[in-house]
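This report concerns only the one structure given below.
The values are calculated or read from the model by the stated rules, or taken from the named source; none is laboratory data. Note that the coordinates shown come from a computational prediction; the quantities given were computed from them, not determined experimentally. Counting neighbours? That spans all protein chains shown, and the Cβs are built from the backbone with ideal geometry, glycine included. We work out accessible area using only protein heavy atoms, side chains counted, and drop any ligands, DNA or RNA first. Shrake-Rupley method; radii C 1.70, N 1.55, O 1.52, S 1.80 Å.
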Amino acid sequence: DRWTREVVAAEGRLAAALQSAVDATPWVTKYKAQGDFGLPLTGDGSNDPLVCLCRVECLLALWMTYEAEGAPLPVPFVDEEKMEVLQSQTAL
C-alpha cells in the first residue's frame, strides 16, 4: 500500500519528530508514559508488542498530519491527548 511505503520512507524524520514531541511534553516522562508513544524501543520496550504498536500508530499519525498528500488528514485512531503531544512540535 502506498501509505505504508511513504511512512517507511519517512521513518527517520517521523521518529525524530516523535522523540522531539515527547521530549517537549514533561508529563509524558513524569508519568512514565513513553510507551504510549512507542518510546523507547531499546531495552525491555523493544520486545513489547504494545509499545511497537503505539510507535507505528504515532508515526502514521504524524505522517497523516504533516506529510500525507492533502495533509492534515483526519486521524481518528489516536485520542485527543496523544494528538496534542504529537502536534506540540512542528519538527517536520
Set the Förster distance to 30 Å, then compute FRET efficiency between ALA71 and ASN47 from the Cβ-Cβ distance, nearest 0.05.
-> 0.35
Using only Cα atoms, tell me the angle between helix 49-66 and the longest principal axis of the chain; keep it within 0 to 90° and round to the nearest 10.
-> 40 degrees
What part of the accessible area of the chain, given as a whole %, is carbon or sulfur when the probe is 1.4 angstrom?
-> 55 percent
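Using 0.36 nm times the number of residues separating SER20 and MET83, minus their current alpha carbon distance, what extension gain do you get?
Numbers: separation 63, 0.36 × 63 = 22.68 nm, distance 1.38 nm.
Residue separation times 0.36 nm, minus the Cα-Cα distance, leaves 21.3 nm.
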Heavy-atom accessible area per residue of the chain, all protein chains kept, 1.4 Å probe, expressed in Å², is 60 Å²
